[in-house]
Ligand code: GDP
């Protein structure tokens, strides 16, 4: 008998161009993915995308939410997501500042107490153009009690680790609340 699959809604937050769309596409080709139904992968408006993964013998499904900011805030108020992935680009200082604003906003509306946030620095393959240090990323994450990881969607570095990290954080928070 098949156990029901846990569904987790994950908000992908960040400035335009930091790699949110590329990251979700990369998740969908990840080796930890057990099954992915391409037919169901996208909503009619393209704003929600699904990935299912198997971790520690338990299958979970992610719904990634990537709407416009207005829409996101509506979503958060109506039905908050289970986790927030706040993304910036390490070659774009303004996107890092934007990620700080987003974390502050989420803290203000009390979204972070019962829900995990992960701060993600993307595009570390562009090492020579780096404008945000690893240390600055760590400090920001620490301030908001978020997990921190640097990735490169472009060269598929740490993408599986991030996917597993999101699920692990959601399961840990579930045990606490
Ligand atoms: P979004 O607006 O946040 O959804 O960003 P996109 O996913 O559309 O990515 C914006 C651009 O950054 C695209 O041209 C991607 O190919 C590029 N990009 C995304 N991730 C990486 C990365 O890790 N390294 C590099 N060099 N480019 C990336």
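The values are calculated or read from the model by the stated rules, or taken from the named source; none is laboratory data. On a predicted model such as this, the values are computed, not experimentally measured, just so you know. Neighbour counts run over all protein chains shown; Cβ positions are idealised from the backbone, glycine included.
Beta carbons closer than 6 Å, at least 6 apart along the sequence or on distinct chains, pair a first residue in segment 139-165 that is at positive phi with a second that is assigned to a loop (DSSP other than H, G, I, E, B) for 158/151.
Just need a number here: residues in segment 68-103 that are modelled with pLDDT under 90, in a loop (DSSP other than H, G, I, E, B) and crowded, with 16+ Cβ neighbours inside 10 Å. Total meeting the criteria: 1. Considering only segment 105-124, state which residues are assigned to a helix (DSSP H, G or I) and free of Cβ contacts under 8 Å to residues at least 12 places away in the same chain. Answer for segment 105-124, where residues must be assigned to a helix (DSSP H, G or I) and free of Cβ contacts under 8 Å to residues at least 12 places away in the same chain: 105, 108. Annotation note: Cβ proximity below 8 Å between a residue of segment 12-34 that is within 12 Å of residue 52 (Cα to Cα) and assigned to a loop (DSSP other than H, G, I, E, B) and a residue that is near the ligand (Cβ under 10 Å from one of its atoms) and modelled with pLDDT of 95 or more (sequence gap 6+ or interchain) occurs for 30/159.
The sole residue among 167, 106, 65 that is crowded, with 19+ Cβ neighbours inside 10 Å and within 16 Å of the ligand (Cβ to nearest atom) is 65.
Per-residue answers, yes or no, for (1) closer than 24 Å to residue 146 by Cβ; (2) modelled with pLDDT of 60 or more; (3) out of contact with any strand residue (DSSP E or B) (no Cβ under 6 Å at 6 or more places or on another chain):
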| site | (1), (2), (3) |
| --- | --- |
| 16 | yes, yes, yes |
| 19 | yes, yes, no |
| 37 | no, no, yes |
| 44 | no, no, yes |
| 47 | yes, no, yes |
| 62 | yes, yes, no |
